[in-house]
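These notes concern the structure reproduced below.
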Amino acid sequence: MMTPAAPPAGPAPAEPFRSADAVRAAHAALLAELPDPPRPGDLARVTEFIRRAVATGAVLDAPDDRKLVQGLIDYWAAALVAEYREATRDGESTRVKPPSTVLTPFAPATLAAAVAAADRWLAAAPPEDQQLARRVLLRLVRLRNDDTFAPAPTVRAGLSGDAPPEDLLRVLRELAGAGVIRVTPGDVEEMDRVALRSPALLDVWPIFNELRKERTAFRQRVTEWERTGRISVGDGLTDAELDQARAYHDRNAQEREFIEACRARTRRRQELFRGGLSLLAVLLLLVIPLAVYSWLGWVTADRETVRAEGARENAEYERKNAESEKAKAEAAEAEVSRQHRLVRTVQAVRTMAEIGAARGEADLDVALNRWHVLADGILADERQQSPERRFFTPRGQKLHLLRGTADLTGMADEARKKALAAEQTAGRDVAPQQLYATDEWQQFGKGTALTTAHVLRDALLEGDDPKVQTALKAVRTDAYLRVRLCVNGVLKVVDSKTARPFDDVEPYVREFWLNYWGDMGLVESGAVAGAMGQFGSKLGQIESTLPQYAFQDRLTRYNENTKAWGKQVEGVRRAAELLSADPAKRNEANRWCRNYSRMLYRSEAEELRKLADKLLAALAHDEKESIRPYGSN
């Protein structure tokens, strides 16, 4: 009897990336290195990237990191499917489906591995680093009323203490490398945000049991001191233990008073010792009862003095702490105001860009409705005297760009009428999708969207705020990436190696104009603006010269393209089928003929590629420069 053959083994498990940053770096490298069009071996690289990125979910527990990696997986999965859909009609293609495109759930064993790595480092670290690491971990939690720890993130400046900065940086790197803490870069190093990787570490890492015992022991000591009427202050408490207690960042009012009482008691004991020696000499000369009576009175007075001094020092501490909290609150309010201003600016510019980039009646109606909603919110801020209203009215002007929102619909209608009249005067019939590519309509977009972006950009840069510069650079990075994707998408459609109609560039062209009239106006240099304009003008010129159907130019472009692609015989047959009685053949022939009528000549594709190379070079150079007010670069 024959034994059935075992099923073929599946692919070996993919090795995950170490972090979300590693996935992002691999994505950038893959995007830069893949040829166009990719070879079969290159598509295998895309599949391997997806498998490794999916496996990386096992080590990612932060929601933002998981969202980022899942987005990159979806991007490459869509690109892989699209690449096979675009394979040449005459060649053979093999579909390769990634094993999975859903991020792997986070593996709890990752925390255990991180704890083991941190314990190994602590065991081998010098005593000074061990003590500093324990202090850092204790600063990242706070003791609650039920004697349990809760996470308490902070910034690097809050961890400095008396430790040298280089020692603190070394310990933070080791703990972050082991995977037990997370360090998020801030605008400056002192504002780097430090937090535990996961609240679950408080239960699975034994070191927190030790820290909790030490911390709760001190709180229980203070509670007993308060319960007994604050007698026996600090008995049995060493100087080292007292110094450690003073380093606790989550002390309550009783603990602060206890520490101050201990300090005062130490000073008074020293004074008592010196005074006792003097008193002993006096006792030899005075009557013992009188000396005892005097000594008792002095002890009572001393006790009142200690209490008064402790109360005074505690009041001074509370005053300084209140001033510090006030300064932090003011800084936080200023940061929120700055962020709100940036968000309002980007919202206004992008919404205006949607109006300028409208390619049809429905697009324009949606864009105008969005604009009115945003404008109502801005005007409401003005009535409330909000910080955003002050930002949008520099030097006391009354929303000189935004207040006229009620006239935008009329302005758009007027621009459309002018565009239609100009084309009819020239003796041309204008298709609906061509109306929004005319000079008259684009002039309306430039006069509103670009002007808005330039004015708001200059207002943002007036204060030379480094945080504003950083935020605008982030907007520039995203905008330039979108423009690159649009340009490369257009080039892929018009590539001389493929036979595709110009209609396929429509999504890329619309996104190109959204960026041109939107975010680019906030960040681009003069060189980039010029290159963008030349590339966009070429797109509009091509669109205006292409026939809407095969017979509009009497099959001129259709015949040239079928000849260029070696499809003359099929071209004649398809043209004849346009008159077929079979609806299916007629519809297929109509689609085929329209495609070849709306293809670019190879010379046109080469001109477009040259302009694209110039634009991509300008983008690469501009990213190295600071963002300046409009017209200064």
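Descriptive notes on the structure:
- Residue-span extension gain [Lys328 to Ser580] - 0.36 nm each, minus C-alpha spacing: 82.8 nm
- Here the 3J(HN,Hα) profile of the stretch 252-262, calculated from phi with Karplus coefficients 6.51, -1.76 and 1.60 at θ = phi - 60°, is 8, 4, 5, 5, 5, 5, 4, 4, 5, 5, 5 Hz, Gly and Pro shown as x.
- The mean sequence distance of close C-alpha pairs (under 8 Å, at least 6 residues apart), as a share of the length of the stretch 528-603, puts its relative contact order at 39 percent.
- Taking 0.36 nm per residue of sequence separation and removing the Cα-Cα distance, the Asp464/Arg144 pair yields an extension gain of 110.9 nm.
- Simple point charges give the picture: +1 on the Cβ of Lys and Arg, -1 on the Cβ of Asp and Glu, and for the stretch 568-624 a dipole about the Cα centre of about 200 debye.
- Rounded to the nearest 0.05, the FRET efficiency derived from the C-beta distance between Lys67 and Glu318 at R0 = 45 Å is 0.60.
- Under-5 Å amide H pairs with Leu60, H placed in peptide plane, nonlocal only: Ala107
- Think of the stretch 108-234 as a dipole: +1 on every Lys or Arg Cβ, -1 on every Asp or Glu Cβ, centred on the Cα centre; then among Thr223, Leu211, Val180, Thr223 lies furthest on the positive end.
- Taking amide H positions as modeled 1.01 Å from N, with prolines and chain starts lacking one, the residues under 5 Å from Ile181 and 5 or more places away or on another chain are Ala176, Arg197.
- Computed E for Arg573/Glu606 - FRET, C-beta separation, R0 41 angstrom, nearest 0.05: 0.85
- Placing unit charges on the Cβ atoms of the charged side chains and taking the dipole of the stretch 546-627 about its Cα centre, the candidate lying farthest along the positive direction among Ala620, Tyr601, Asn590 is Asn590.
- Taking every protein chain into account, the 1.4 Å probe leaves Glu570 with about 50 Å² of accessible area, to the nearest ten.
- Residue-wise HN-Hα coupling along the stretch 610-619, computed from phi with Karplus coefficients 6.51, -1.76, 1.60 (Hz; x: Gly, Pro): 4, 5, 5, 4, 5, 5, 5, 5, 5, 4
- Near-label residues of the stretch 46-64 by backbone N, under 17 Å of a point 7 Å along Cα→Cβ of Ala113: 51-62
- Using the Cβ-Cβ distance between Asp239 and Ala301 with R0 set to 25 Å, the FRET efficiency works out to roughly 0.40.
- Members of Lys213/Lys320; Lys320/Lys624; Lys492/Lys563 lying beyond 32 Å, as alpha-carbon distances in this model show: Lys320/Lys624
- Neighbour-limited loop hits for trypsin sites (Lys or Arg not before Pro), the stretch 447-533 (at most 12 other Cβ within 10 Å; DSSP other than H, G, I, E, B): Lys497
- Couplings 3J(HN,Hα) for the stretch 475-484, derived from phi with the Karplus relation 6.51 cos²θ - 1.76 cosθ + 1.60 (θ = phi - 60°), are 4, 5, 4, 5, 5, 5, 5, 5, 5, 4 Hz, where x marks Gly and Pro.
- Only protein heavy atoms count here; under a 1.4 Å probe, Tyr630 has an accessible surface of about 130 Å².
- Computed about its Cα centre, the charge dipole of the stretch 536-614 is approximately 60 debye, with only Lys, Arg, Asp and Glu carrying charge at their Cβ.
- Student exercise, the stretch 473-630 dipole from Lys, Arg, Asp, Glu Cβ charges, in Debye to nearest 20: 360 debye
- For Val155, the amide hydrogen comes within under 5 Å of the amide hydrogens of Val194, counting only partners 5 or more places away or on other chains and with H modelled in the peptide plane.
- Between the stretch 151-174 and the stretch 547-587, the Cα center-to-center distance that results, in Å: 73 Å
- Length released on extending from Leu481 to Ala125, taking residue separation times 0.36 nm less the Cα-Cα span: 123.8 nm
The values are calculated or read from the model by the stated rules, or taken from the named source; none is laboratory data. It should be emphasised that the depicted structure is a prediction, and the values quoted were computed from it without experimental measurement. All Cβ positions, even for glycine, are placed from backbone atoms using ideal geometry, and neighbour counts span all protein chains on display. Just so you know, the surface numbers come from the protein's heavy atoms only, side chains and all, with ligands and any DNA or RNA stripped out. Shrake-Rupley method; radii C 1.70, N 1.55, O 1.52, S 1.80 Å.
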